[in-house]
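Below: one structure, written as structure tokens.
The values are calculated or read from the model by the stated rules, or taken from the named source; none is laboratory data. Small disclaimer: the values here were computed from a predicted structure and weren't measured. Note that each Cβ is placed from the backbone with ideal geometry, even for glycine, and that neighbours are counted across all protein chains shown.
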Amino acid sequence: MLKTLRTIAGIGIVSEAPPEADDALRRREAMQAQLQAVLGRALCIRHVDAGSCNGCELEIHALNNPIYNIEGLGIRFVASPRHADLLLVTGPVAWNMATALRRTWEAMPDPKLVVAVGDCGCSGGVFGASYAIAGPVAAIIPVDVAVPGCPPPPVRLLQAILTAIRPARAR
């Protein structure tokens with residue numbers, strides 16, 4: 001042990017060179033400034049799983065990891081539709097979820113923004129022809145932005161969320 005400590009003391013502190021500046025951080029600041037300019041506060045999202053296979057949910061959860069860190073942009077998920085600005089719906093709408101989805105949408109304050117996620121949310125996907133499916137999200141509530149993909153990557157989800165709020169400037 002004493003030999004190891006002497007070696008460490010003789011060599012000194014060895015570390016990596018500091019990282020280069022990252023322009024992606026500046027884009028993140030620009031997105032956050034844009035959100036603040038459009039909404040004046042954080043964007044609150046209510047997520048509803050209307051009958052998906054959970055593939056899209058995994059990608060939505062990835063939005064909260066350190067790589068995408070949407071909370072750092074001022075975007076957060078809320079439990080109540082009464083606090084939500086945007087409704088994020090995944091999966092084809094099962095008959096059991098059609099009424100719940102409609103009630104969730106009606107409980108949201110105006111302006112109501114809806115993003116349909118995944119092939120199933122956009123068109124019904126592989127489950128769309130089932131006896132248990134009411135149809136895609138647009139068959140139940142009005143949709144502002146549709147994000148195709150099975151499942152769509154987190155970057156596409158973030159682009160869709162930002163696309164949905166951009167028209168809010170005119171309101």
Among residues of the range 84-113 being small (Gly, Ala, Ser) and in contact with a helix residue (DSSP H, G or I) (Cβ under 9 Å, 6 or more places away or on another chain), the residue surrounded by the most Cβ atoms within 10 Å (Cβ to Cβ) is Gly91
If you go through Asp119, Asp110, the only one that is farther than 18 Å from Glu57 by Cα and of a type in the set (Asp, Glu) is Asp110
In the range 115-171, residues that are without any contact (Cβ under 8 Å) to a residue 24 or more places away in the chain and surrounded by 19 or more Cβ atoms within 10 Å (Cβ to Cβ) total 0
For Asp85, the lone unmet condition from (1) touching a residue at least 24 places away in the same chain (Cβ under 8 Å); (2) under 18 Å from Gly51 (Cβ atoms); (3) of a type in the set (D, E, K, R) is (2)
Against the condition within 23 Å of Pro148 (Cβ to Cβ), part of a helix (DSSP H, G or I) and not aromatic (Phe, Trp, Tyr), how does Ala37 come out, does it pass? no
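Output the residues belonging to the range 40-53 that are farther than 16 Å from Gly118 by Cα and assigned to a loop (DSSP other than H, G, I, E, B). Steps first, answer last, please.
Residues of the range 40-53 that are farther than 16 Å from Gly118 by Cα, as a first pass: 40-46.
Within the range 40-53, Gly40, Arg41, Ala42 qualify.
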Query raised in the report: Right, Val155: out of contact with any strand residue (DSSP E or B) (no Cβ under 7 Å at 6 or more places or on another chain) and of a type outside the set (S, T, N, Q) or not?
Result: yes
Exception for Arg166 within (1) under 23 Å from Glu59 (Cα atoms); (2) among the charged types (D, E, K, R); (3) modelled with pLDDT of 90 or more falls at (3)
